[in-house]
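Okay, structure first, notes after.
The values are calculated or read from the model by the stated rules, or taken from the named source; none is laboratory data. Note that this is a predicted model, so its numbers are computed, not measured. Here Cβ is always computed from backbone atoms with ideal geometry, including for glycine, and neighbour counts include all displayed protein chains. Calculation scope for accessible area: heavy atoms of the full protein, side chains included, ligands and nucleic acids excluded. Shrake-Rupley method; radii C 1.70, N 1.55, O 1.52, S 1.80 Å.
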Amino acid sequence: MRTFGIPRAFIAVLTRDLLLALRRRSEVVNPLLFFVIVVTLFPLAVSPSQAILQTLAPGIIWVAALLSTLLSLERMFRSDFEDGSLEQLLLSPCPPTVLVLAKVLAHWLVSGLPLLLIAPLLGVFLALPVTAMATLLFTLALGTPVLSLVGAIGVALTVGLRRGGALLSLLVLPLYLPVLIFSANAVAAAADGLPVTGQLYFLGGLLLLSCSLAPLAAAAALKISIH
Amino acid sequence: MWYWFHRFASPAYFYRFAGKAIPWLATLTGLLLLAGLYGGLVLAPADYQQGDSYRIIFIHVPSAWMSLFIYVVMATAGGIGLIWHIKLAEVIAACSAPIGASFTFIALATGSLWGKPMWGTWWVWDARLTSELILLFLYFGVIALQSAGEDKRTASRASAILALVGVINIPIIHFSVEWWNTLHQGATVSKMGAPSIHTSMLVPLLIMALACKFYYATSLLMRARVELLEREHNSNWIREALKNHE
């Protein structure tokens with residue numbers, strides 16, 4: 001491999017995954033619609049009162065984001081595993097962590113970033129104060145990549161199993177809890193006019209930690225799943 | 001040392017060794033349990049604030065310790081199995097998960113029973129309780145992944161990775177008391193200098209902790225023997241061992 005091999009491989013996998021996502025638009029849009037619909041359910045189920053919704057808003061938006069990420073996770077490796085291209089990718093001389101990182105980035109661009117864009121609208125739905133909007137976006141920007149990264153481990157572990165869906169949520173959701181706790185807490189604190197830098201630093205730390213360790217674990221898990 | 005290590009890690013040797021060790025370990029577990037329970041339930045005085053209901057700590061605290069300890073053992077064994085491909089380590093990791101999950105459950109259940117008279121509620125969303133609950137979920141995840149695959153060795157290796165990932169949760173549990181500092185009382189035993197628990201209560205507590213360790217060892221060896229029989233059912237040493245009624 002030449003010196004440019006690794007960045008080129010990264011970009012090749014990234015563009016390939018983005019192109020695939022573009023060709024299968026409904027798979028991309030459905031988790032996003034799910035996100036919107038789940039959030040809409042809460043005012044109907046709990047109460048349309050502004051005061052109640054305002055206190056629930058950070059939690060509702062974040063739980064919905066978690067579930068919608070879970071819904072789109074399988075796409076990361078499943079179809080590549082089924083048509084055998086995942087095996088070919090792993091056989092290439094490029095380190096598998098780089099490939100995993102590229103696939104995670106593609107997944108985040110397709111499923112995490114749209115959440116970020118649509119979240120302010122849902123914040124308005126749930127009467128979230130305008131002052132908390134920026135924090136909501138910050139937590140989503142720092143938190144959703146962690147969800148994609150950690151989720152990649154879960155998908156890599158279950159991709160070889162025939163019915164991985166329910167198992168995937170059992171494996172991944174407990175690992176998501178720190179992100180959920182700190183993000184929802186930060187948004188709620190911002191709504192009350194409290195400082196949130198501590199929570200944001202913590203989320204940033206989680207992002208760095210998962211960015212450096214999750215690809216290693218996911219790559220090892222993929223090798224086991226394919227064996 | 002490596003010679004000893006390799007010999008011990010061979011399934012055939014381990015199977016025979018475990019068969020001999022189990023009666024001894026079981027007896028020791030029984031004796032320690034009796035001593036600890038007698039010391040805790042009869043000899044130790046009632047607490048001046050909590051009366052007799054504090055006595056649940058003789059079960060609760062050792063179980064909580066074990067829930068963490070077993071997770072670390074499981075992850076370490078899983079890691080060893082992943083790196084050096086030692087079959088026995090995979091078996092140990094696989095057999096530890098259900099025991100650890102039951103200790104976690106006991107810690108949660110007894111804590112909840114104690115919480116009702118003391119805090120006035122069965123359950124509070126306190127950091128420590130929550131992380132213990134998450135630990136239970138992590139155990140469930142490992143167990144589920146282990147039973148999901150058709151090939152036992154692949155499943156073991158996959159769940160080893162999951163256990164190692166979950167290890168990040170262990171320090172969060174341990175330091176959660178300091179981080180979130182909520183309703184649950186801080187650590188009393190490991191405080192440096194003078195522990196804020198009286199010796200008459202501390203001694204039975206430590207005996208109970210030891211009893212739980214030995215219970216784990218006994219039950220682990222029993223489970224590992226069965227698991228080895230299942231995994232290696234068509235190897236020669238099993239046929240010989242069964243012929244000799246070991």
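Observations
- Kirkwood-Stokes translational diffusion coefficient of region A:39-95, alpha-carbon pairs, 20 °C, 1.002 mPa s, µm²/s: 149
- Entry note: region A:3-141 has Rg to Rh equal to 1.09, where both radii use alpha-carbon atoms and Rh is the Kirkwood radius.
- Distances between every pair of Cα atoms in chain B, grouped in 5 Å steps from 0 to the bin holding the largest one, split as 1, 6, 12, 15, 17, 15, 13, 9, 6, 4, 2, 0, 0 percent.
- Surface composition of chain B: carbon plus sulfur atoms hold 69% of the accessible area, using a 1.4 angstrom probe and ignoring ligands, DNA and RNA.
- Computed over the alpha carbons of the protein assembly as shown, Rg followed by Dmax gives 25.2, 77 Å.
- Solvent-accessible surface of region A:5-226, averaged per residue with a 1.4 angstrom probe and all protein chains in place: 44 square angstrom.
- Distance between the 7 Å Cα→Cβ label points at residue B:47 and residue A:12: 6.5 nm.
- Cα-derived Rg to Rh of region A:81-227, Kirkwood definition: 1.04
- Here the Kirkwood formula puts the hydrodynamic radius of region B:1-128 at 17.5 Å, using every distinct Cα pair.
- Heavy atoms of residue B:85: accessible area, 1.4 Å probe, square angstrom to 10: 110
- The distance separating the Cα centre of region B:51-90 from that of region A:79-113 comes to 35 Å.
- Among the residues of A:210-221, the average count of other protein chain beta-carbon atoms within 10 Å of the residue beta-carbon is 2.
- Neighbour-limited loop hits for chymotrypsin sites (Phe, Trp or Tyr not before Pro), region A:2-104 (at most 15 other Cβ within 10 Å; DSSP other than H, G, I, E, B): A:4
- Loop trypsin sites (Lys or Arg not before Pro), region A:140-227, which have at most 13 other Cβ atoms in a 10 Å radius of their Cβ (DSSP): A:162, A:163
- Based on Cα atoms of region A:146-227, Rg over Rh with Rh as the Kirkwood radius reads 1.11.
- Scattering profile of region A:67-129 at q = 0.13, 0.24 Å⁻¹ [log10 I(q)/I(0), Debye over alpha-carbon scatterers]: -0.48, -1.03
- Along chain B, counting only chymotrypsin sites (Phe, Trp or Tyr not before Pro) with a DSSP assignment other than H, G, I, E or B and at most 14 other Cβ atoms inside a 10 Å radius, the longest segment between sites is B:126-246.
- Full-stretch length increase - residue B:113, residue B:83 - with 0.36 nm per residue and alpha-carbon distance subtracted: 6.6 nm
- Zone of residue B:7's modelled label, taken as backbone nitrogen in region B:19-35 under 20 Å from a point 7 Å along Cα→Cβ: B:19-22
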